[in-house]
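Chemist: Before anything else, here's the structure in question.
The values are calculated or read from the model by the stated rules, or taken from the named source; none is laboratory data. Treat the numbers as computed from the prediction; the structure is a model and nothing was measured. Neighbour counts are summed over all protein chains in view; Cβ atoms, including those assigned to glycine, are modelled from backbone coordinates with ideal geometry. Calculation scope for accessible area: heavy atoms of the full protein, side chains included, ligands and nucleic acids excluded. Shrake-Rupley method; radii C 1.70, N 1.55, O 1.52, S 1.80 Å.
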Amino acid sequence: MTESPSVLLSVKNLKRHFDVGKGKTLKAVDGLSFDVYKGETFGLVGESGCGKSTAGRTILGLYNNTDGEVLFEGENVHGMNDKERQKFLKKMQMVFQDPYASLNPRSTVFEIIAEPMEIHKMYSSKKELRKRVHELLEDVGLNRDHANRYPHEFSGGQRQRIGIARALALDPEFIIADEPISALDVSVQAQVVMLFQRLQREKGLTYLFIAHDLSMVKYISDRIGVMYLGHLVELTTSDQLYNKPLHPYTEALLSAIPIPDPDIEESRERILLEGELPSPIEPPSGCVFRTRCAYAMDVCAERKPQWLEKEEDHFVACHLHDETIMKDSRNPRKQVQV
Ligand code: SF4
């Protein structure tokens, strides 16, 4: 009998809204629910502006939640006092998108990596602290000579390695990586992804890996949640998502990934996403994807799709997969133009 995976992080109906004045509200995150299991990589993907980075920051408690809750090892992240929060931040850390902006340009690499350990008073002697910084540099594929240099002396990929070393300094269990490879050259992206994978194996880390690029997320994620305009629209294993996507938005995102073989690339059918992401200040009624969906039916404007488990561990929010709705002859499925 296989053991069921243990839940490390549980996000329940999480909402993060921003008051933008004139009585209007921007619903950046509007009811997210998912679990992350210990030791896995959970990919959260979607276009820029879909709310995934706000979700990451709200999960870490950098933003207050408007509603819902985030439980880490059963503890409510948004209900912690200062002491509990300090303890929690040792366990959950973040790696940011722009490695240059997230590193203080006036600090040496030693100071950048040592800072969290000094704040948490982890070492009583400078010698122990220095030894730990050197170990962390080596863990991320840099060397101890780099400790006395400044961020501007490094390439983008090396700077991201410094950011990862800093995130590892407190020996966390969970890392939220917010678009950690988007600002890097394609040739460097794979190296940083491999570094994340090696560190996970060696240190038993759990990741929430936020990205807009489905092609890389496939290689690192065990399960993937697809986000659109503040909502999850599909959630399943990485293999299942790529081999049998159910949501029209996931299909469109997958069809945008270029295939390296020029013959296949030229002949394959694409599902184009039309128009821009609508404003989260005035999201469409019913299904939030309906204004760009090639299959949209009248019912899509009237009713919000339910979150359905169509197969084991494969969830989707789309009326096309709701038998009760599709049985109704007033809801004919459209033919897609490709
Ligand atoms: Fe498209 Fe309707 Fe499904 Fe939304 S519910 S994704 S609009 S078919």
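Yes or no, residue by residue, for (1) within 26 Å of F209 (Cβ to Cβ); (2) outside the structural domain of L136 (by TED's automatic domain parsing); (3) modelled with pLDDT of 95 or more:
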| site | (1), (2), (3) |
| --- | --- |
| G74 | yes, yes, no |
| D82 | no, yes, no |
| Q86 | yes, yes, no |
| P116 | yes, no, no |
| H120 | yes, no, no |
| S124 | no, no, no |
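Chemist: For a quick check of your reading of the model, give me the residue pairs whose first member lies in the range 288-305 and is within 14 Å of T250 (Cα to Cα) and without any contact (Cβ under 8 Å) to a residue 12 or more places away in the chain, whose second is assigned to a loop (DSSP other than H, G, I, E, B) and within 8 Å of the ligand (Cβ to nearest atom), with beta-carbon atoms closer than 6 Å and at least 6 apart or on different chains.
Modeler: R290/A296
Chemist: With the range 175-260 as the region, which helices (runs of 4 or more DSSP H) entirely inside it contain at least 1 residues that are touching a strand residue (DSSP E or B) at 6+ places or on another chain (Cβ under 8 Å) and of a type in the set (V, I, T)?
Modeler: 214-220, 248-255
Chemist: Identify all residues within the range 272-293 that are near the ligand (Cβ under 8 Å from one of its atoms) and surrounded by fewer than 19 Cβ atoms within 10 Å (Cβ to Cβ); write none if there are none.
Modeler: Within the range 272-293, G286 is the sole residue that qualifies.
Chemist: Across the range 151-174, which residue is nearest to N104 (Cα to Cα) among those that are assigned to a loop (DSSP other than H, G, I, E, B) and open to solvent by less than 40 Å² (accessible area, probe 1.4 Å)?
Modeler: Result: F154.
Chemist: Taking into account only those residues within the range 294-308 that are more than 7 Å from the ligand (Cβ to nearest atom) and part of a helix (DSSP H, G or I), which is most open to solvent (accessible area, probe 1.4 Å)?
Modeler: Filtering the range 294-308 for residues that are more than 7 Å from the ligand (Cβ to nearest atom) and part of a helix (DSSP H, G or I), the one most open to solvent (accessible area, probe 1.4 Å) comes out as E302.
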